[in-house]
1. Which one of these is in contact with a Phe, Trp or Tyr (Cβ under 7 Å, 6 or more places away or on another chain), surrounded by fewer than 19 Cβ atoms within 10 Å (Cβ to Cβ) and either at pLDDT 85 or above or among the small types (Gly, Ala, Ser) (or both): 233, 229?
2. Would you mind stating whether residue 213 is surrounded by 15 or more Cβ atoms within 10 Å (Cβ to Cβ) and touching a Lys or Arg at 6+ places or on another chain (Cβ under 7 Å)?
3. Give the residues of region 365-392 that are in contact with a Phe, Trp or Tyr (Cβ under 7 Å, 6 or more places away or on another chain), in a helix (DSSP H, G or I) and farther than 25 Å from residue 19 by Cα, sorted by residue number.
4. Got at least one residue in region 321-333 being open to solvent by less than 10 Å² (accessible area, probe 1.4 Å) and either modelled with pLDDT of 95 or more or farther than 24 Å from residue 13 by Cβ (or both)?
5. Quick check on my filter: what residues within region 293-309 are in a helix (DSSP H, G or I) and either over 17 Å from residue 38 (Cα atoms) or modelled with pLDDT of 75 or more (or both)?
6. List the helices (runs of 4 or more DSSP H) inside region 29-105, counting only whole elements, that have at least 2 residues being under 22 Å from residue 235 (Cβ atoms) and open to solvent by less than 20 Å² (accessible area, probe 1.4 Å).
7. What about residue 293, is it over 21 Å from residue 338 (Cβ atoms) and open to solvent by 40 Å² or more (accessible area, probe 1.4 Å)?
8. In this structure, does residue 290 turn out to be part of a helix (DSSP H, G or I), farther than 23 Å from residue 59 by Cα and modelled with pLDDT under 80?
Amino acid sequence: MTILALVVFLGVLIAAGQPIAFALGTIGVVALVWFNLPTNLVGQTIYSVLDNTAWAAIPLYLLMGELLVKSGIAKDIFSAIHVWTRHIPGGLGVATVITAAFFAAVSGTSIGTVAALAAVTVPEMISRGYRPSFAYGCLAAAGTLGILIPPSITMIIYGMVTQESIPHLFLAGVIPGILLAGVMCAYCVFYSLVYQREVLEPRSTWQERLRESSRAGWGIGLIALVLGGLYSGLFTVTESAAYGALVSLILALVVYRSLNWSSFVSAVQNTALSSCMILTIIALASLFGSAINVLHIPQNVSAAILDWDIANWVVIVFFNIILFVMGQFLDVPSIMLITLPIFYPAVTGLEFNAIWFAVIMTMNMEVATITPPVGLNIYVLKGAVQDAELKQIVLGCLPFVGLIMAVMLIVGIFPQLALWLPSVL
């Protein structure tokens, strides 16, 4: 009954317009006071949660993504991929998905990927005859790869809350991320063959391919530096993000010479705003987590679940339904910080692999980013493309929601898709 009362109170605060971070913090403080728990837990909890250098990876990855946009590397990667795919049906959509996957490998965020590519890919698709709804849905959905393909800020949050290995979590997202990107590309080809056969372009020459590919070499080299340094053990997660941000800045200043003072300030401001939002949610949600832990709510819920006389997989399905419903109303960090203190002990208690569950949870969060009313990718795209209609964006995203859920089911049935790479590296 206690957890139900806290959830109802949280719902009331959110419905009243309270920002989610402050609603979670309020719940935590009220619970501590109501049950006569020491109030000095407030300061201690916030300090202990944020006093970890690993959190620095979040603003550094965000800054790296911002600098890549300002330097024009994102546009070069798209152009390089497009010259290889433009002759196939749906080639521009395929290029959008693959570019999003590449950009995800250096930005770590979903909304950052969408914001970076909106001005590059959407106008190209619409001008070449693609339906606007398909163009919007393709980019919004491809942007979700940013929280699955490493490095992933979502995986960083999961690892920090559960103390699972962040490099292993990153590796777990690689094969499911590639699989999902491949399924999205296949859908782009299928859609074009069925609905827009007239949108075909001539095969590019080898001269064009070599020219455009060479221009994108810097971006590919940056990906190799960030991920290669991390998985080789040369860099920690934070160091990998720091080197990535530094090299991005050097590329923008020395190689591309496209970064002026105003662009740099804009990149820093955007990074600060996004970082403050995420870290504020983390700090205040920690009060909620601390309160329910002191009250032994996660342990009691986990014990109750373990006592249920039902198949273990039914519990995972139940958790996914909860995540899906919450995804319609809350942002991704809030959902994870609310549910993980309760879900994680139950998942491990049922002897499911916690790293596998991280991938399942992240894919569920991908759905949350492209479903209304709170799908952030939808609104980021709406803000980046002024002429876009919200209805068209939502309709364009619906087929991709089905694709993500289908791949999530496949990973659920075949856990080794997520677990094989962490086990061998």
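1. 229
2. Against the criterion (surrounded by 15 or more Cβ atoms within 10 Å (Cβ to Cβ) and touching a Lys or Arg at 6+ places or on another chain (Cβ under 7 Å)), residue 213 does not qualify.
3. Correct list: 392 only.
4. Taking every residue of region 321-333 in turn, none turns out to be open to solvent by less than 10 Å² (accessible area, probe 1.4 Å) and either modelled with pLDDT of 95 or more or farther than 24 Å from residue 13 by Cβ (or both).
5. Answer for region 293-309, where residues must be in a helix (DSSP H, G or I) and either over 17 Å from residue 38 (Cα atoms) or modelled with pLDDT of 75 or more (or both): 297, 298, 299, 300, 301, 302, 303, 304, 305, 306, 307.
6. Details: elements: 41-50, 57-71, 73-85.
In region 29-105, the matching helices (runs of 4 or more DSSP H) lie at 57-71.
7. So residue 293 fails the test.
8. Against the criterion (part of a helix (DSSP H, G or I), farther than 23 Å from residue 59 by Cα and modelled with pLDDT under 80), residue 290 qualifies.
The values are calculated or read from the model by the stated rules, or taken from the named source; none is laboratory data. From a predicted model like this one, the values you see are computed outputs, not experimental measurements. Positions of Cβ are backbone-derived with ideal geometry, glycine not excepted, and every protein chain shown enters the neighbour counts. Side chains are part of the model used for accessible areas, which takes the heavy atoms of the whole protein and leaves out ligands, DNA and RNA. Shrake-Rupley method; radii C 1.70, N 1.55, O 1.52, S 1.80 Å.
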